[in-house]
């Protein structure tokens, strides 16, 4: 069944015509997000993109039956100006993280496991942004960001669903990067950084109870991807791994590299004992790893990144300080001594646990009760200046619906590989919203009519 289409509203058409003629890429992106609700996802093309292995029938059923809101039916639009601003912030943070003074400071409050050194950089850093009035604002960094491979496949299943979108898409280069090959090359790079020219033979994709994880489909896709590139791959719980003098093994077979999807970032759980031993003696390449989480993803790091004076004391140059000042919302540590002040300002704040993940334990200040605020004060939390997400208007079951939108940059060694969006309703990002889920990002060129374009962000 072909995707259905919806016309732009009359007001949106008028605005879109105006901004297209003016070459205003930010205005064009905003107009498309507000006024182009049409379905761009070709579900048949998506199924075809998934069906490259005899085992993929079960995978397709898994996606359709139990994860109906994993993929949004429409793309999201972001100006190339904002895409470039996000990349500039990523590069700025990379410069900061490379400083010995930064590493000494953040490793000082990190778990001891993070002080183990490795040449591996860590795959799939996820830089998450909201589009604020002044441009992209960083909300957090993750070290085991999921969804990259799902989004690479999703991006191949899009079509222009109205003439206005076609005009934008036609201005983009025809050739797109082979993301799947780039992802495999990234894992090979991690291996070479540690093991040099030795062959990479086996990868274990590791997460707690992987068969029950919401992103199990992505684990299966990675397994097939590695196998197509000549690398044996298994999916397992960390407790299935064994570490001995012979190295790290899974059911008697040697494991060369671990693709780590655990949220046990410091390998503190009893089930992570084998990983912990392999990490400490270097008998397996583990990526991402505890050190990467400490250097990038501990939310206490955002306090430093948003403090110009602290950055200068660490030796950060003024140009980098300026980029961080524009892109990182002010963040502060929560303490009982500042309870009255934080409560008074709570409506302008978003509270997050320092070691949290996946929006767990996070609270908008305007939704707080005194009881929950007391729990925050007793825990290890940061408070971040609230930057409301931008919106994407879609047609869901015949009605116009405004969904919140955040943007994720998948990054390896400072290079942005992919930009994608997540569309949702509710206080925090989720995959429970009808019409929502992962959405490919179309980077709108700043001069559509002149043919000057930028590569699609996904």
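Every read-out reported here was derived from the displayed coordinates using simple, explicitly stated rules and does not represent laboratory data. All of these numbers come straight from a predicted model, not from anything done at the bench. Counting neighbours? That spans all protein chains shown, and the Cβs are built from the backbone with ideal geometry, glycine included.
Counting only DSSP H runs of at least 4 residues, each contributing -39500 (n - 2.57), and dividing by the residue count of the chain, the helix-based mean residue ellipticity at 222 nm comes to -10500 deg cm²/dmol. Please compute the Kirkwood hydrodynamic radius over the chain, one decimal place, Å, based on all pairs of different Cα atoms. Hydrodynamic radius (Kirkwood, Cα pairs) of the chain is 23.2 Å. Dividing the C-alpha radius of gyration of segment 36-127 by 2.2 N^0.38 Å, with N its residue count, gives 1.69. Segment 88-159 and segment 285-320 have Cα centres lying 10 Å from one another. Per residue, the average separation of C-alpha pairs within less than 8 Å and at least 6 apart gives the chain a relative contact order of 24 percent. Taking the fewest neighbouring Cβ atoms within 10 Å as the starting point, the ordered list for 362, 26, 331 is 26, 362, 331. With q set to 0.15 Å⁻¹, the log10 of I(q)/I(0) for segment 324-386, from the Debye formula over equal scatterers at the Cα positions, is -0.40. Simple spin-label estimate for residue 47 and residue 178 gives 2.7 nm between the two label positions (7 Å along the Cα-to-Cβ direction from each Cα).
If you plug the beta carbon distance of residue 192 and residue 91 into 1/(1 + (r/R0)^6) with R0 = 25 Å, you get a FRET efficiency near 0.60. With the simple spin-label model, which puts each label point 7 Å out from Cα in the Cβ direction, the residue 309 to residue 201 separation comes to 5.8 nm.
Projection of the Cα convex hull of segment 300-412, averaged over all directions and equal to a quarter of that hull's surface, yields 9.9 nm².
Remark: spin-label model distance residue 109-residue 270 equals 3.1 nm, labels positioned 7 Å along the Cα→Cβ axis. Between residue 343 and residue 428, the FRET efficiency estimated from the beta carbon spacing at R0 = 22 angstrom works out to 0.55. With the biggest extent put first, the Cα atoms of segment 213-339 measure 53, 34, 30 Å across the principal axes.
Extents of segment 275-341, taken as max minus min of Cα coordinates on every principal axis and listed largest first, are 46, 35, 19 Å.
Centroid-to-centroid, using Cα positions, segment 202-239 and segment 325-355 are 38 Å apart. Counting neighbouring beta carbons within 10 Å and listing from fewest to most, the residues 227, 395, 190 come out as 227, 395, 190. What the Cα convex hull of segment 346-440 gives, in volume per residue, is 121 Å³.
Computed over the alpha-carbon pairs of segment 282-321, the distance histogram in 10 Å steps reads 26, 39, 23, 12, 1 percent, short to long.
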